[in-house]
Amino acid sequence: MAQRYSSFDKGGRMWLLQRVTAAFLLVVLAFHFFLLHFVHHADEVSFLMSAGRMETMSYYSLMVLFLLTATFHGVNGVYNALVNQGLTGTKRTVIKWTLVAASVVLVVQGIRTANAWAGIPLY
Amino acid sequence: MSQSYNRGLIEDFSRWREFEAGMWAWIFHKFTGWVLIGYLFTHIAVLSTAIPASGAETAVLQAGNDVYTQTIVSLEGLLLVRVLEVGLLAVAVFHMLNGARLLLVDLGVGLESQDKSFYASLILTGAITVASVPTFIAGAF
């Protein structure tokens, strides 16, 4: 019988990924708040200014990575919270896949929006 | 295998009376996490108005009459939205500071002063939130 010698089981990888995304989000969320509330102000928002930022490849890729990590961190956090509260069995499977589906919708819609700003004709 | 402990339900009536700092940190982190993921879905939904707006004429975009600009400007014109944004900032800052604390604890840093670092995150959250109020409310009146 095949043995797994790694100390990282599936749960361990998700645990690590939750913390790696946390470290990334700490920096990027602080940057996001600072840029969009302190450098630019909320009442000055316009399509062209948002588009101007998103047309820069580095900003676009940072925001897509931000969306992916925030979605993973948030949805995995919700799942963990529900499991902590005693979610098991069929309910757990149903909720898990509902959360996966919601994440896919969120990421797709977020990337469509970023593409609309960046002028990438995939939206 | 990881151990699981029966902590009981936080919803049990009056159980909060026996909570210590660590339990409050756990509850606040969970509550702020729920708010933030809820906000993320709402945020992307509102920003999605950029999709129809991208089809607008250049003159319409330059005048700010597209559906995206109009949606954001009218939302930001509401005092309630500005107040909710301050609340969102408080929630995000606490989640970030307490989360940074948890990352350090996971790395074995500051194990002896977890209560103090939790109180420090609360105080710092309050200070950053209060200091940000003028910026967040500017132009709302």
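Just checking, which of B:GLY64, B:GLY77, B:GLY22 is touching a residue at least 40 places away in the same chain (Cβ under 8 Å) and either more than 27 Å from A:HIS73 (Cα to Cα) or in contact with a Gly (Cβ under 9 Å, 6 or more places away or on another chain) (or both)?
Residue meeting the stated conditions: B:GLY77.
With the requirement that a residue be modelled with pLDDT of 95 or more and β-branched (Val, Ile, Thr), what does segment A:76-102 give you?
Selection gives A:VAL78, A:THR90, A:THR93, A:VAL94, A:ILE95, A:THR98, A:VAL100.
Only one of (1) at pLDDT below 95; (2) surrounded by 10 or more Cβ atoms within 10 Å (Cβ to Cβ); (3) of a type outside the set (Val, Ile, Thr) is not met by B:TYR39, so which one is it?
If we test B:TYR39 against (1) at pLDDT below 95; (2) surrounded by 10 or more Cβ atoms within 10 Å (Cβ to Cβ); (3) of a type outside the set (Val, Ile, Thr), just (1) comes out false.
Please work out which residue is farthest from the other protein chains (Cβ to nearest Cβ), limiting yourself to segment A:34-45 and to residues that are surrounded by fewer than 18 Cβ atoms within 10 Å (Cβ to Cβ) and either in contact (Cβ under 8 Å) with a residue 40 or more places away in the chain or within 22 Å of B:THR49 (Cα to Cα) (or both).
The residue in question is A:LEU35.
Restricting to segment B:32-61, what's the tally of residues that are free of Cβ contacts under 8 Å to residues at least 12 places away in the same chain and among the aromatic types (Phe, Trp, Tyr)?
2
At least 3 residues that are exposed (fewer than 14 other Cβ atoms within 10 Å of the Cβ) and among the polar types (S, T, N, Q) in each: list the helices (runs of 4 or more DSSP H) lying fully within segment B:45-133 that qualify.
Result: empty, no element qualifies.
Look at segment B:83-113 and say how many of its residues are farther than 16 Å from A:VAL28 by Cβ, among the β-branched types (Val, Ile, Thr) and under 18 Å from the mean Cα position of the chain (by Cα).
Within segment B:83-113, residues that are farther than 16 Å from A:VAL28 by Cβ, among the β-branched types (Val, Ile, Thr) and under 18 Å from the mean Cα position of the chain (by Cα) number 3.
Within segment A:53-64, track down each residue that is in a helix (DSSP H, G or I) and either surrounded by 13 or more Cβ atoms within 10 Å (Cβ to Cβ) or facing chain B (nearest Cβ under 8 Å) (or both).
Answer for segment A:53-64, where residues must be in a helix (DSSP H, G or I) and either surrounded by 13 or more Cβ atoms within 10 Å (Cβ to Cβ) or facing chain B (nearest Cβ under 8 Å) (or both): A:ARG53, A:MET54, A:TYR59, A:TYR60, A:LEU62, A:MET63, A:VAL64.
For every residue, the table says whether it meets (1) without any contact (Cβ under 8 Å) to a residue 12 or more places away in the chain; (2) surrounded by 15 or more Cβ atoms within 10 Å (Cβ to Cβ); (3) not in a helix (DSSP H, G or I).
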site: A:ALA22; (1), (2), (3): no, yes, no
site: A:LEU26; (1), (2), (3): yes, yes, no
site: A:PHE66; (1), (2), (3): no, yes, no
site: A:VAL75; (1), (2), (3): no, yes, no
site: A:GLY86; (1), (2), (3): yes, no, yes
site: A:VAL94; (1), (2), (3): yes, no, no
site: A:SER103; (1), (2), (3): no, yes, no
site: A:LEU106; (1), (2), (3): no, yes, no
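Suppose the filter is more than 10 Å from chain B (Cβ to nearest Cβ) and either of a type outside the set (D, E, K, R) or out of contact with any His (no Cβ under 7 Å at 6 or more places or on another chain) (or both); does A:VAL94 pass it?
When the stated conditions are applied, A:VAL94 passes them.
So for segment B:9-29 (the condition being modelled with pLDDT of 95 or more, surrounded by 12 or more Cβ atoms within 10 Å (Cβ to Cβ), within 11 Å of chain A (Cβ to nearest Cβ) and part of a helix (DSSP H, G or I)), does at least one residue qualify?
Taking every residue of segment B:9-29 in turn, at least one turns out to be modelled with pLDDT of 95 or more, surrounded by 12 or more Cβ atoms within 10 Å (Cβ to Cβ), within 11 Å of chain A (Cβ to nearest Cβ) and part of a helix (DSSP H, G or I).
The values are calculated or read from the model by the stated rules, or taken from the named source; none is laboratory data. Note that the coordinates shown come from a computational prediction; the quantities given were computed from them, not determined experimentally. Here Cβ is always computed from backbone atoms with ideal geometry, including for glycine, and neighbour counts include all displayed protein chains.
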